[in-house]
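K.L.:
First the structure, which I've put down as structure tokens, then a few questions once you've had a look.
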Amino acid sequence: MIEPRSGPNGTRVYRARVYYRGRYVASRTFARKRDAQEWERKQVDALKTGAWADPKAGERTVREWCEIWMAAQPARAQATERKIRGVVAKQIAGAFGRRPLVSVRPSEVQAWAADISRKQSAATARHSLGVLRRVFEHAVRDGAIHRNPAAGIRLPKVQGNDPRPLTHDQLWRLAGHLAEPRDRVLILVAGYCGLRWGELAALRWEDIDLDKRTLRVARAYSEEAPRGEMSPVKDHQARTVPVPGIIAEQLAAFGELKRSDELVFPSATSTPLRNRNFRRDVFDDAVAALGLDITPHNLRDTAASLAIRAGASVVAVARLLGHESAATTLNHYAGLFPSDLDDVAHRLDVAARCVIGARARATTLEDEDNEVR
């Protein structure tokens, strides 16, 4: 419906009002009647094909839609919420925050993501793009825009760091180089049980069952909050980890006089031990003295490597490390499995040769029987 109206200074303007199936949908005012008619036609066509987007909703800023999307999400861990808000504030707001949602083009998103990848890292670019993509997808589902300009954007693959595991001998030499019992036992637990740093820092004596030789991973400590934050781990990260007997003996000696609610590896002030403080005060000097080029995270690589060498399957290693799936484990540690694959090929070869040999012997016996007859 096109309605003529009086505009500023007595000029005539035309207001297009769009109705669809008897319901008012949108309106806009134009100086020329044919522009109003053309806009109305496009809106109706879009409504009929399901491609319609609310013009007013699309004019809200990207920053506003970020807030709308975040408010609509289910409850998340505070650390996750903080990371997402950090991406919005540091990466998205400066580039697109004040822009109307509908004005953002795919080429702009591509350039923005490529710039982050080049100046920061591919991982940061991929994470930032993922947040922006979900914001736009939410707006598409809500009818604010009809396409997602962040969809289909290509980025360089994130290059994972090659694992740098220690051998049994290197792990024990590192532990033996440290003066404090806390530090020695921490190295051994990390190297044989594969806990993440935040899980080690959150571990309490009540989580350890020395009789069953297990420890329970239920919470993690995050250093990203100004004062740190203790929170439950994600569902797939919660697990019970087997403890080798020799490590259980080390834990028993170290924790003989500890209360069940105490942290296993506290700082000097009985607070969760921070990774950077441990590296500064203990770890970095020790590995340098031994000529080892590793970080505390490589102790997790060590646990994976030693478990694989002991015959653990991919699924067992995934459970040990708290990976979401065995695919994640393979992505990280595929290079540690080649000897197992060689063994599989050897066993298949032996089995196949046995079958062929048995068939050959059966054929020979049958021929001999025929000759006797």
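K.L.:
Normalised by the residues of the range 2-52, what does the relative contact order come to in percent, with Cα pairs under 8 Å and at least six apart?
P.N.:
Details: 70 pairs, mean separation 14.6, N = 51.
In percent, rounded to a whole number, it is 29.
K.L.:
If the cut-off is a Cα-Cα distance under 16 Å, which aspartates and glutamates reach K48, setting aside same-chain residues fewer than 8 apart in sequence?
P.N.:
Output for K48: E38, E40.
K.L.:
By the gyration tensor of its Cα atoms, with a ≥ b ≥ c the square roots of the eigenvalues, what is the shape of the range 2-52: rounded for a/c under 1.5, prolate for a/b over b/c, or oblate?
P.N.:
On the way: a/c = 3.54, a/b = 2.24, b/c = 1.58.
Because a/c hits 1.5 or more and a/b exceeds b/c, the range 2-52 counts as prolate.
K.L.:
For the chain, what does -39500 (n - 2.57) per DSSP helix run (n ≥ 4), summed and divided by total residues, give at 222 nm, in deg cm²/dmol to the nearest 500? Intermediate values should be presented prior to the final figure.
P.N.:
Working: 17 runs with 192 residues, N = 373.
Mean residue ellipticity at 222 nm (helix-derived): -15500 deg cm²/dmol.
K.L.:
Further question on the same structure: If you put +1 on each Lys and Arg Cβ and -1 on each Asp and Glu Cβ, how big is the dipole of the range 126-250 around its Cα centre, in Debye rounded to 20?
P.N.:
Magnitude of the dipole: close to 640 debye.
K.L.:
If you put +1 on each Lys and Arg Cβ and -1 on each Asp and Glu Cβ, how big is the dipole of the chain around its Cα centre, in Debye rounded to 20?
P.N.:
Taking the Cα centre of the chain as origin, the dipole is about 3140 debye.
K.L.:
Hey, how many Å between the Cα centroid of the range 76-112 and the Cα centroid of the range 301-329?
P.N.:
Here the answer is 35 Å between Cα centres.
K.L.:
What is the packing order of peptides 70-77, 100-107, taking the mean over residues of other C-beta atoms within 10 Å and listing the highest first? Display every interim value, and only then the final one.
P.N.:
Working: 70-77: 10.5, 100-107: 16.0.
The packing order, highest mean first, is 100-107, 70-77.
K.L.:
Can I ask one more? Percent relative contact order of the chain, based on C-alpha pairs within less than 8 angstrom and at least six residues apart? Working shown, then result.
P.N.:
Numbers: 448 pairs, mean separation 45.3, N = 373.
After rounding, I find 12 percent.
K.L.:
Angle between the Cα long axis of helix 33-49 and the longest principal axis of the chain, 0 to 90 degrees, nearest 10?
P.N.:
Between the helix axis and the principal axis of the chain, the angle is about 40 degrees.
K.L.:
Bin by bin, in steps of 10 Å, what percent of the Cα pairs in the range 62-142 do you find, going until the bin that has the longest distance?
P.N.:
Pairs per bin, as whole percents: 18, 55, 26, 2.
K.L.:
Here's something else I'd like to know. Once you sort the root eigenvalues of the Cα gyration tensor of the range 154-266 as a ≥ b ≥ c, which label holds: rounded (a/c under 1.5), prolate (a/b larger than b/c) or oblate (the other case)? Don't jump to the answer; show the numbers that get you there.
P.N.:
Working: a/c = 1.74, a/b = 1.25, b/c = 1.40.
Oblate shape, in that a/c is at least 1.5 and b/c is the bigger or equal ratio.
K.L.:
Only sites in a loop by DSSP and with at most 15 other Cβ atoms within 10 Å count here; which GluC sites (Glu not before Pro) in the range 193-239 make the cut? Show your work: numbers first, answer last.
P.N.:
Details: sites: E199, E206, E223, E224, E229; in loops: E223, E224.
Hits after loop and neighbour filter: E224.
K.L.:
Counting other C-beta atoms within 10 Å, and keeping those with at most 11, which DSSP coil trypsin sites (Lys or Arg not before Pro) do you find in the range 218-295? Write down the numbers at each step before the final one.
P.N.:
Details: sites: R219, R227, K234, R239, K258, R259, R274, R276, R279, R280; in loops: R227, K234, K258, R259, R274.
The qualifying sites are R227, R259.
K.L.:
Summing Lys, Arg as +1 and Asp, Glu as -1, what charge do residues with Cβ under 15 Å from the Cβ of G322 carry, G322 excluded?
P.N.:
My count for the surroundings of G322 gives +2.
K.L.:
Give me the one-decimal nm value for the distance between modelled label points at A360 and E324, 7 Å along each residue's Cα-to-Cβ direction.
P.N.:
It is 5.1 nm.
K.L.:
Loop-only check: which trypsin sites (Lys or Arg not before Pro) in the range 96-144 are DSSP coil with at most 12 other Cβ within 10 angstrom? Kindly include the intermediate steps, with their values, before the conclusion.
P.N.:
Values: sites: R98, R118, K119, R126, R133, R134, R141; in loops: R98.
Those satisfying the criteria are R98.
K.L.:
Among L132, Q73, I84, pick out the residue whose Cα is farthest towards the positive end of the charge dipole of the range 62-142, where Lys and Arg carry +1 and Asp and Glu carry -1 on C-beta, about the Cα centre.
P.N.:
I84
K.L.:
For the chain, what ratio Rg/Rh do Cα atoms give with a Kirkwood hydrodynamic radius? Mind dumping the intermediate values first?
P.N.:
Working: Rg = 31.5 Å, Rh = 26.3 Å.
Reported Rg/Rh, Kirkwood definition of Rh: 1.20.
K.L.:
Please compare each pair in K90/K119; K212/K258; K119/K234; K234/K258 to a cut-off of 22 Å on the Cα-Cα distance and tell me which ones are over it. Write down the numbers at each step before the final one.
P.N.:
Numbers: K90/K119 14 Å; K212/K258 19 Å; K119/K234 31 Å; K234/K258 28 Å.
The pairs that break the limit, which is 22 Å between Cα atoms, are K119/K234; K234/K258.
Throughout, read-outs are computed from the coordinates displayed, never taken from laboratory work. Worth saying up front: this structure is predicted, and the values here are computed from it rather than measured. Note that we place each Cβ from the backbone using ideal geometry, even for glycine, and neighbour counts take in every protein chain shown.
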